[in-house]
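Trainee: Please see the structure below; I have some questions.
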Amino acid sequence: MKIAAAAIQMPCVCLDVSENVQRADDLLRQAREAGAELVVLPELFNTGYSLCPDFAPFSETEDGPTIRHLRKRSQMWQMAIAAGFVERDGRHLHDSLVFCTPDGQAQIYRKRNLVFWERFRFHPGASPLIVETAWGRIGFGICADMIYRRVWADYRDRIDLAVICAAWPEFADRETGRRHWLLGHVGPLSSEIPGKVAMDLGIPVIFANQCGSTQTCIPVLGTRIKDRFAGMSSICDGRHGEPIRAGRDPELLIAPITVHSQRGMKSWRTTFHSARAGSSSGLAHS
């Protein structure tokens, strides 16, 4: 089965939810007009990603305004949308991804593999998420999740398509491009790993990364690096051809992918535990 997939690579202004949601909304509209059926936004697209701010005032529960907005867009435009946000669950914050489907459902995946300084901000998720759709079974990951073999071991032979959202840094000076003396230069991995996963599992992988300036904080050393996000979002069609990749600048990638469903046509439902979103009323306008 061929479907049109889109990966949105965008800069996000830290803690300016209104501006980030509006920017994403404009790009979602462009994706819809180009015929996209499944669209992926970056990690923490609405708050922006940084290790410095307090995310708590900008966190949302499963029926928060960002999810309501995305659910309404998904229903209105009849396309599935995956997007990262800061989820609040009691006293815990999670680096989460919401997957909205045209029937009004929303499933939430929580990042399981936190970079060590992220543990000062977020509580790790405990479970993979597989959602059965009309196209096949979709599995999810967020940024650093994709470097762990056990993540893909959980999904092997259980999914027909993988979705990854990220705020993957370059770990290089944003002005000179010089690699950091301690952290090296990990940006190119954001281009390489999705393609390797697609080839290894034999499934399409949609990877949406942030782009633009950021700064990386090293808590033990008390230093901050003027960094940039790596960009290089991609749509990899499994073993059916070469990946389509973005550069470092804002870009809307749209490409067909081939999904070989092993279980036939299914209704939109989840097969793994996740938080389930509530009401579909929201702030979106047509």
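The values are calculated or read from the model by the stated rules, or taken from the named source; none is laboratory data. No experiment lies behind these values; they were computed from the predicted model shown. With ideal geometry, Cβ positions are generated from the backbone for all residues, glycine too; neighbour counts draw on all protein chains shown.
Trainee: If you go through region 73-108 one residue at a time, how many are touching a Cys at 6+ places or on another chain (Cβ under 9 Å) and part of a helix (DSSP H, G or I)?
Mentor: Total satisfying the criteria: 3.
Trainee: Here's another thing I want to ask about it. Please pick out the residue among Glu37, Glu87, Glu33 that is surrounded by 24 or more Cβ atoms within 10 Å (Cβ to Cβ) and either at pLDDT 95 or above or within 18 Å of Thr133 (Cα to Cα) (or both).
Mentor: On the way: Glu37 fails: surrounded by 24 or more Cβ atoms within 10 Å (Cβ to Cβ); Glu33 fails: surrounded by 24 or more Cβ atoms within 10 Å (Cβ to Cβ).
Matching residue, one of Glu37, Glu87, Glu33: Glu87.
So that you can scan it fast, the table gives a plain yes or no per residue for (1) under 16 Å from Phe140 (Cα atoms); (2) touching an Asp or Glu at 6+ places or on another chain (Cβ under 7 Å); (3) not charged (D, E, K, R):
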site	(1), (2), (3)
Pro57	no, no, yes
Glu60	no, yes, no
Asp63	no, no, no
Ala82	yes, no, yes
Arg88	no, yes, no
His94	yes, yes, yes
Thr101	yes, no, yes
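Trainee: A further question on this structure: In region 185-269, which strands (runs of 3 or more DSSP E) lie fully inside it and hold 3 or more residues that are modelled with pLDDT under 95 and either touching a strand residue (DSSP E or B) at 6+ places or on another chain (Cβ under 7 Å) or of a type outside the set (Ser, Thr, Tyr) (or both)? First the steps, then the outcome.
Mentor: Numbers: elements: 204-209, 213-218, 223-228, 234-237, 251-258.
Fully inside region 185-269 and qualifying: 213-218, 223-228.
Trainee: What tally of residues in region 137-152 results from selecting those that are without any contact (Cβ under 8 Å) to a residue 60 or more places away in the chain, closer than 17 Å to Ser191 by Cα and among the β-branched types (Val, Ile, Thr)?
Mentor: Residues flagged as without any contact (Cβ under 8 Å) to a residue 60 or more places away in the chain, closer than 17 Å to Ser191 by Cα and among the β-branched types (Val, Ile, Thr) within region 137-152 amount to 1.
Trainee: Any chance region 171-180 includes a residue that's in a strand (DSSP E or B), buried (at least 19 other Cβ atoms within 10 Å of the Cβ), free of Cβ contacts under 8 Å to residues at least 60 places away in the same chain and among the small types (Gly, Ala, Ser)? Can you show your working first?
Mentor: From region 171-180, those in a strand (DSSP E or B) are 172, 179-180; that's our starting set.
Narrowing further to those that are buried (at least 19 other Cβ atoms within 10 Å of the Cβ): 172.
Adding the requirement that they be free of Cβ contacts under 8 Å to residues at least 60 places away in the same chain leaves 172.
Those still in the list that are among the small types (Gly, Ala, Ser) too: 172.
Scanning region 171-180 turns up at least one residue that is in a strand (DSSP E or B), buried (at least 19 other Cβ atoms within 10 Å of the Cβ), free of Cβ contacts under 8 Å to residues at least 60 places away in the same chain and among the small types (Gly, Ala, Ser).
Trainee: Pairs please, first residue from region 7-22 and polar (S, T, N, Q), second anywhere and in a loop (DSSP other than H, G, I, E, B) and surrounded by fewer than 19 Cβ atoms within 10 Å (Cβ to Cβ), Cβ atoms under 7 Å, 6+ apart in sequence or on different chains.
Mentor: From region 7-22, the pairs are Gln9/Pro250; Asn20/Val13.
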